[in-house]
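Worksheet: one structure, shown below.
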């Protein structure tokens, strides 16, 4: 019995060391000492610097590799990756397993999208070619919504809705916003799907989004932004958050 208890304490102690190693590595990266593409010190060098065993360094590197933070290449070393390679799984599970209220999550999504929508609206007015391409992409998703609504294909309707708003986030030009949106989608998809399942007129979804695109094309930026805000008010009502 005593042997079992001692083994348990050793395991906990080892995990604590690995967590401390991960924290130290994060501090080094946050300090600006290492940048994407840089080669990190070897296991032996890090073990000596941190005063821990190589096994602890190895376990910490494995965790960071799984998350997409580093790339361990045989015979070449371990390299820091850029943000585009970071797995969104960690963010997604943090939301799913947290105590975040759905209303708070929707407000975060709205705050991000408002910024991107304002940039898109200004770009449309200026005649920007990329903005015109975004409008075409939004049109395509509205048509996909309409087809899905006619066939009462809820999953396809939800995905077209997701892609519609994803194009708006893309137009904002902020990759971090886009990564966060992807995680929020995973958190909210079931709630949105259940809402659509209970709707009698699914074409309403397509009409709502079609009006957003129309105001982007035909009205002043302040009017299109107001229509965009009304969309989120509608979403809150559908989700019974207001």
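The values are calculated or read from the model by the stated rules, or taken from the named source; none is laboratory data. The model shown is predicted, which means the values in this text are computed figures rather than measured ones. Note that each Cβ is placed from the backbone with ideal geometry, even for glycine, and that neighbours are counted across all protein chains shown.
Condition test on residue 218, is it loosely packed, with under 15 Cβ neighbours inside 10 Å and without any contact (Cβ under 8 Å) to a residue 60 or more places away in the chain? Considered against the rule, which asks whether it is loosely packed, with under 15 Cβ neighbours inside 10 Å and without any contact (Cβ under 8 Å) to a residue 60 or more places away in the chain, residue 218 comes out as yes. For the range 194-205, the criterion of being at pLDDT below 85 and touching a helix residue (DSSP H, G or I) at 6+ places or on another chain (Cβ under 6 Å) is satisfied by at least one residue.
The criterion of being modelled with pLDDT of 90 or more and outside the structural domain of residue 22 (by TED's automatic domain parsing) holds for residue 113. What do you reckon, is residue 191 loosely packed, with under 15 Cβ neighbours inside 10 Å and either over 23 Å from residue 103 (Cα atoms) or out of contact with any strand residue (DSSP E or B) (no Cβ under 6 Å at 6 or more places or on another chain) (or both)? For residue 191, the condition - loosely packed, with under 15 Cβ neighbours inside 10 Å and either over 23 Å from residue 103 (Cα atoms) or out of contact with any strand residue (DSSP E or B) (no Cβ under 6 Å at 6 or more places or on another chain) (or both) - is not met. Please work out if residue 119 is over 30 Å from residue 219 (Cβ atoms) and either out of contact with any strand residue (DSSP E or B) (no Cβ under 7 Å at 6 or more places or on another chain) or at pLDDT 90 or above (or both). For residue 119, the condition - over 30 Å from residue 219 (Cβ atoms) and either out of contact with any strand residue (DSSP E or B) (no Cβ under 7 Å at 6 or more places or on another chain) or at pLDDT 90 or above (or both) - is not met. Screening the candidates 29, 57 for the property of being in a helix (DSSP H, G or I), at pLDDT 90 or above, within 30 Å of the chain's Cα centre (by Cα) and not assigned by TED's automatic domain parsing to the domain that holds residue 187 yields one hit, 57. Look through the range 171-187, keep the residues that are part of a helix (DSSP H, G or I) and more than 12 Å from the chain's Cα centre (by Cα), and return whichever of them is farthest from residue 134 (Cα to Cα). Filtering first and then ranking leaves 172. Of all residues in the range 140-156, those satisfying the criterion of being buried (at least 16 other Cβ atoms within 10 Å of the Cβ) and under 12 Å from residue 209 (Cα atoms) are 141, 142, 144, 145, 146.
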